[in-house]
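Encoded as structure tokens, the structure appears first; notes follow it.
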Amino acid sequence: MFQGFKQFILRGNVVDLAVAVIIGAAFGAIVTALVDFIINPLIGAFVPTGDLASWSITIPGIVADAELGIGGIISAVINFLAIALVVYLAIVLPMNKIAERRAAGAPAEEIPPTSEELLAEIRDLLAEKNSR
């Protein structure tokens, strides 16, 4: 049981996935800090509260007012879009370019002949050999 678990853990794809998750979490923290400390304050200059994350809309209710924190939602959307843009530009776009270059340099795949075609070729070669 432990041997199978050890083989599973030491497989290349499991280790690669673990590294990707760790790097992704660290990268997400960097982008979140960028959005929280640079982008949100710039956008916050144009909202009534002066801080995008604390911007909310009050909806009057019968018993109590409801605070809708739309600034936090906008901040989360900006954070997501920033991460998605960087992942696209840093990973997806270069990988697509590499795949295109590999496909352009690769020879076209030939369709292998069918059994009937091979037998017909053998028959023709034997007929040619016997006619000599």
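The values are calculated or read from the model by the stated rules, or taken from the named source; none is laboratory data. Quick caveat, the model's predicted, so the values are computed rather than measured. Heads up, the Cβs are rebuilt from the backbone with ideal geometry, glycines too, and the neighbour counts pull from every protein chain shown.
Before we move on, is Gly24 assigned to a helix (DSSP H, G or I) and either surrounded by 11 or more Cβ atoms within 10 Å (Cβ to Cβ) or under 23 Å from the mean Cα position of the chain (by Cα) (or both)?
Details: assigned to a helix (DSSP H, G or I): yes; either surrounded by 11 or more Cβ atoms within 10 Å (Cβ to Cβ) or under 23 Å from the mean Cα position of the chain (by Cα) (or both): yes.
Criteria met by Gly24.
Step by step: first the residues of the stretch 54-70, then only those that are farther than 25 Å from Phe37 by Cα and touching a strand residue (DSSP E or B) at 6+ places or on another chain (Cβ under 9 Å), then the one that is surrounded by the fewest Cβ atoms within 10 Å (Cβ to Cβ). Which residue is that?
To start, the set of residues in the stretch 54-70 that are farther than 25 Å from Phe37 by Cα comprises 58-66.
The next check asks that each one be touching a strand residue (DSSP E or B) at 6+ places or on another chain (Cβ under 9 Å); those that pass are 58-60, 65-66.
Working: Thr58: 9, Ile59: 9, Pro60: 7, Asp65: 9, Ala66: 11.
Applying the filter and picking the extreme gives Pro60.
Only one of these is of a type in the set (A, V, I, L, M), surrounded by fewer than 10 Cβ atoms within 10 Å (Cβ to Cβ) and within 32 Å of the chain's Cα centre (by Cα): Ala104, Ala82. Name it. Talk me through it step by step, then tell me what you get.
On the way: Ala82 fails: surrounded by fewer than 10 Cβ atoms within 10 Å (Cβ to Cβ).
Answer to the selection: Ala104.
Give me a count of the residues in the stretch 27-53 that are within 19 Å of the chain's Cα centre (by Cα) and either surrounded by fewer than 10 Cβ atoms within 10 Å (Cβ to Cβ) or among the aliphatic types (A, V, I, L, M) (or both). I'd like the intermediate steps shown before the answer.
Going through the stretch 27-53, the residues within 19 Å of the chain's Cα centre (by Cα) turn out to be 27-32.
Okay, now just the ones that are also either surrounded by fewer than 10 Cβ atoms within 10 Å (Cβ to Cβ) or among the aliphatic types (A, V, I, L, M) (or both), so 29-31.
Selection size over the stretch 27-53: 3.
Within the stretch 44-58, can you find the residues that are outside any loop (DSSP other than H, G, I, E, B) and modelled with pLDDT under 85? Working first, answer last.
At the first step, the residues of the stretch 44-58 found to be outside any loop (DSSP other than H, G, I, E, B) are 44, 57-58.
Within the stretch 44-58, Gly44 is the sole residue that qualifies.
Checking Ile74 against (1) within 19 Å of Leu34 (Cβ to Cβ); (2) loosely packed, with under 10 Cβ neighbours inside 10 Å, which single condition isn't satisfied?
(2)
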